1. Do we have V422 as β-branched (V, I, T), buried (at least 21 other Cβ atoms within 10 Å of the Cβ), more than 9 Å from the ligand (Cβ to nearest atom) and part of a loop (DSSP other than H, G, I, E, B) here?
2. Here are the criteria: (1) touching a Lys or Arg at 6+ places or on another chain (Cβ under 9 Å); (2) at pLDDT below 90; (3) closer than 15 Å to V65 by Cβ. Tell me which single one T49 does not satisfy.
3. Report, by residue number, each residue of segment 360-380 that is within 15 Å of the ligand (Cβ to nearest atom), part of a loop (DSSP other than H, G, I, E, B) and surrounded by fewer than 22 Cβ atoms within 10 Å (Cβ to Cβ).
4. Criterion first (hydroxyl-bearing (S, T, Y), assigned to a loop (DSSP other than H, G, I, E, B) and modelled with pLDDT under 95) does S8 satisfy it?
5. What number goes with the only condition from (1) closer than 27 Å to G417 by Cα; (2) assigned to a helix (DSSP H, G or I); (3) out of contact with any Pro (no Cβ under 7 Å at 6 or more places or on another chain) that S357 does not pass?
Amino acid sequence: MVLYLIISVITIIITAIMLYQRWWTSNIPPGPKPRFLLGNIHELKPHWTHSFSEWSQTYGPIISVWFGTQLSVVVSNADLARQVLKDNDHQLCNRERVAKMTQSGTDLVWSDYNPHYVKLRKLCTLELFSLKSIESFRSLREMEARSMVESVYKDVMIDSTDDQTRKPVVVRKYLAAVVLNTISKLMIGKQFSDEEGKEFKEIVHKEHFLSGSGSLLDVIWWLKWVSKWLVSDKDFLAHMDRRTKWFRGAIMVEEDVAVEDHEGFVRKLLVLKEKKELSEETVHGLIWNMFTAGSDTTAVVLEWAMAEMIRYPTVQEKAQQELDAVVGSERLMTESDIPKLPYLQCVVKEALRLHPSTPTMLPHKASETVWLGGYKVPKGTTVYVHVKEIGRDPVNWINPEEFRPERFLLEDTDVKGRDFRVLPFGSGRRVCPAAQLSMNLMALVMGNLLQCFSEIPGLLCVMKTPVEALASPRAATRVIPLNMG
Ligand code: HEM
């Protein structure tokens, strides 16, 4: 009798779970068939986005992908992006915290949408990314761009003065440095020493490794022990310790003195921390967010733009002709020239369309069940907007794979979140708060480089290997030698 009762209860429980599961997954978007417990991870390519693209070709612009037992929905057209980032923004603006590093969510990037987030976002918008603040740091960006051009010039000329024997320069090095220096001056009023910069890069690299090795396994509950084995708590704590040490040395120096000494955003944060409005963890997290979210993203798009101009030399020539006509050869371009350089602005937009640095944005999470494109997206689902695919959708773009900035001359397309055909910065509540700042910086850096150097066409530009360009000082530009004394 007891055995009969136990079997009946177990059967009822299992049936209830199965019915709930069936109800939960009914009407979800189509996608590759998931395997028991594994989901689709056995079919994922190392670059997940490549698999997302292939599956979208087969199953349509909205697909379900299972990471173990965690459902993700990926959308890949402009209409669905609007449904995610505008019509259902409120229900879909939480974050899926993908890696161990992001678990606390006390920072801005990985926080859910809650009062804490709103407070931080407001602070950043007002104090760091407002038009007034961006304008007040303009000369600083121009100084950084100028010193980048000077160091390229020095390195190019150091070996040889003629094109035949000159060695190529690795563009990435200069782009990464100019972006990091600009952000650090914005944040702490000074740039890092070589040692601090090197340590920062190593920490970020390690962080990518640690989160990369754990993230997939972290979402599969029965494989979590593998993740723990790959990245033990000890490794993780040692990494966080190293990060905090770097922080103290490079950013906070002596935290008590810092409030008095630092200029820039960090100073404002420290004042708020003193008033106990922000915790130490939040202050650290926010500063770390700005350095990590800002540096690689901007440098990567710039590097792609330079690579595309090596591939399409006529684009480079056109941009240089515009710079010659508007700015001339007696001075370097400044940010106030940007409105008079429509073609250069189009080059930046085209680079962002084809090569958005975060191809699926950052993952959002459904706080409620919503319906997208007629399909159910249950509460708890991770939502990705495949902006790289959207920017290449032949429905909206003629010859989408071609780097043709002219397409943006025909109509004034917004790329900062208002036009859903091109969303490199996302859109809605979680849109990148630094979109304007990045656009200014990219136009400035690109304009300065184009004004001063030409690349010899035909060089290697496969992005697995950094772009190497044989930079040749332009005869028409007299600016650098004049300023280098
Ligand atoms: C070309 C350069 C950049 C691109 C393409 C880019 C793109 C993005 C994207 C796609 C998101 C996620 C949007 C979403 O999830 O809905 C984002 C978020 C963010 N970005 Fe950027 N970004 C760039 C530069 C920067 C810079 C320079 C900074 C800071 C100095 C920055 C700070 C942030 C922050 C703090 C967030 C999180 C916003 C939030 O969750 O509320 N980004 N960015």
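1. Considered against the rule, which asks whether it is β-branched (V, I, T), buried (at least 21 other Cβ atoms within 10 Å of the Cβ), more than 9 Å from the ligand (Cβ to nearest atom) and part of a loop (DSSP other than H, G, I, E, B), V422 comes out as yes.
2. (2)
3. T360, L362, P363, S367
4. It is false that S8 is hydroxyl-bearing (S, T, Y), assigned to a loop (DSSP other than H, G, I, E, B) and modelled with pLDDT under 95.
5. Going through the list (1) closer than 27 Å to G417 by Cα; (2) assigned to a helix (DSSP H, G or I); (3) out of contact with any Pro (no Cβ under 7 Å at 6 or more places or on another chain), S357 breaks only (2).
The values are calculated or read from the model by the stated rules, or taken from the named source; none is laboratory data. Keep in mind that this is a model prediction, so the values were computed, not measured. Glycine gets a Cβ as well: all are built from the backbone with ideal geometry, and neighbour counts include every protein chain shown.
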